[in-house]
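Here's the structure, in C-alpha cells; my notes come after.
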Amino acid sequence: ASLAGKRVFCGFDASRSQDLAAVALLWFEGEIACCAWLFFTPGETLRDRELTDRAPYSEWVRLGWMAATDGNITDYRQIESDVVALLMTADAEAFWYDPSHGHECAMQIRDALGMTDTLKREDGSEWAQVSALAQTWGNFSRPYREIERRVIGRTLRHYGNPVARWNITNAVPHVGPSENIMLHKGRSRGRIDGAVALGMAFAAQLTMPEQEQSAYASRGIIML
C-alpha cells in the first residue's frame with residue numbers, strides 16, 4: 001500500500017544457487033529516500049547456513065523480513081512472482097540487476113511489468129529502464145557516496161530492516177582509483193547482497209536524464 005502510485009527504482013542482486021538474493025526498492029517521500037527490501041533464500045538449507053553465516057535466518061523468515069523459497073536452491077520463480085505482485089501497484093521506474101546471475105528472472109519481471117530496456121524522453125535522450133549493471137568502480141562509487149551522504153544527513157529511511165542492517169554492517173568500503181569506492185565483505189562471513197542491491201537502485205535513479213532530475217529537485221530532492 002505504501003508503494004501505490006510511487007515511482008520506484010529497483011536493484012536486484014541475484015544470488016548463486018544457495019545464497020541470499022536481494023531486491024532493493026527505492027522511492028522518495030519529499031527529501032527522504034525510502035528503502036525497502038525483499039530477501040530470498042533456499043528453505044531446505046536454511047539451518048545449515050544459519051550456522052555458517054552466523055545469522056538468524058529462521059527468525060527473519062518467521063517475522064516476514066525474508067522469504068524461504070522451496071527446495072535447496074534459490075527459486076527465481078518466487079522472486080519474479082513476489083516482485084511483480086508488489087510493483088503492479090507502483091510506477092516501476094527502473095529495474096537494474098547484477099549481470100552475473102538472474103538475467104532470465106530480470107527479463108521475466110521486465111515483461112510482466114511491461115517495462116522496456118530503454119526509455120526515450122521527449123528531448124530525445126535515452127535512459128535504461130531495465131539494465132544489467134556490472135560491479136565496477138565507475139558504476140558503484142557515485143551511488144555508494146550518495147547512500148553515505150544520506151546516512152550522515154539522516155535523509156535515508158530503512159524502516160529498521162534487520163537483514164539490510166546486517167548486510168550493511170558486513171560491507172567494508174574499499175577505496176580505489178580517484179577515491180572511488182566499492183563494497184566487499186572483507187573477512188566477514190556475512191552477506192552484503194542488500195547493500196549491493198540498494199547501490200543498484202540508487203545508480204538507476206542517479207543516472208536519470210537531466211529533465212527528470214530537475215523534476216525531483218523541484219520537489220526538494222537534491223542529488224549529487
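Charges only on Cβ, +1 for Lys and Arg, -1 for Asp and Glu: so what's the dipole of the chain about the Cα centre, in debye to the nearest 20? Show your work: numbers first, answer last.
Values: 23 positive and 28 negative charges, 167 e Å.
Charge dipole, the chain, about its Cα centre: 800 debye, nearest 20.
Taking a temperature of 37 °C and a viscosity of 0.692 mPa s, what whole-number D in µm²/s does Stokes-Einstein yield for the chain with Rh from Kirkwood over alpha carbon pairs? Before the final figure, lay out the partial values.
Numbers: Rh = 17.8 Å.
Approximately 185 µm²/s, per Stokes-Einstein.
Along the positive direction of the dipole of the chain (beta-carbon charges: Lys, Arg +1; Asp, Glu -1; about the Cα centre), which of PHE12, ALA128, TYR159 reaches farthest?
Toward the positive end, the furthest listed residue is TYR159.
To the nearest 20 debye, what charge dipole does the range 1-96 have about its Cα centre, counting +1 at the Cβ of each Lys and Arg and -1 at the Cβ of each Asp and Glu?
On the way: 8 positive and 15 negative charges, 12 e Å.
It comes to approximately 60 debye.
Which shape class, rounded, prolate or oblate, goes with the range 27-123 when its Cα gyration tensor gives a ≥ b ≥ c as root eigenvalues, a/c under 1.5 marks rounded, and past that a/b bigger than b/c marks prolate?
Details: a/c = 2.51, a/b = 1.69, b/c = 1.48.
It is prolate, given that a/c is not under 1.5 and a/b is the larger ratio.
The range 47-86: D in µm²/s via Stokes-Einstein (Kirkwood Rh, Cα pairs, 20 °C, 1.002 mPa s)?
Numbers: Rh = 11.2 Å.
After rounding, the answer is 191 µm²/s.
Would you kindly derive the ³J(HN,Hα) couplings of the range 20-37 from the backbone phi angles with the Karplus curve 6.51 cos²θ - 1.76 cosθ + 1.60 (θ = phi - 60°), listing them in order in whole Hz, with x for Gly and Pro?
Each residue of the range 20-37 in turn: 8, 10, 9, 10, 9, 10, 10, 8, 10, 10, x, 8, 8, 8, 9, 10, 9, 9 Hz.
Among ARG157, ARG142, ARG54, determine the one that fluctuates most according to a GNM of the chain built with springs between C-alpha atoms less than 10 Å apart.
ARG54
Just from its helices, what would the mean residue ellipticity at 222 nm be for the chain, if runs of 4 or more DSSP H residues each count -39500 (n - 2.57) and the sum is divided by every residue, rounded to the nearest 500 deg cm²/dmol?
Numbers: 8 runs with 86 residues, N = 224.
Computed mean residue ellipticity for the chain: -11500 deg cm²/dmol.
Given points 7 Å out from each Cα along the Cα-Cβ axis, report the THR118 to ILE73 separation in nanometres with one decimal.
Going by the 7 Å Cα→Cβ label model, 3.4 nm.
Which of LEU113, LEU63, LEU46 ends up with the largest GNM mean-square fluctuation for the chain, with Cα atoms connected below 10 Å?
LEU63
A short reminder: the numbers here are calculations on the coordinates, not readings from a lab. The model shown is predicted, which means the values in this text are computed figures rather than measured ones. FYI the Cβ positions are ideal-geometry reconstructions off the backbone, even for glycines, and counts take in every protein chain you see.
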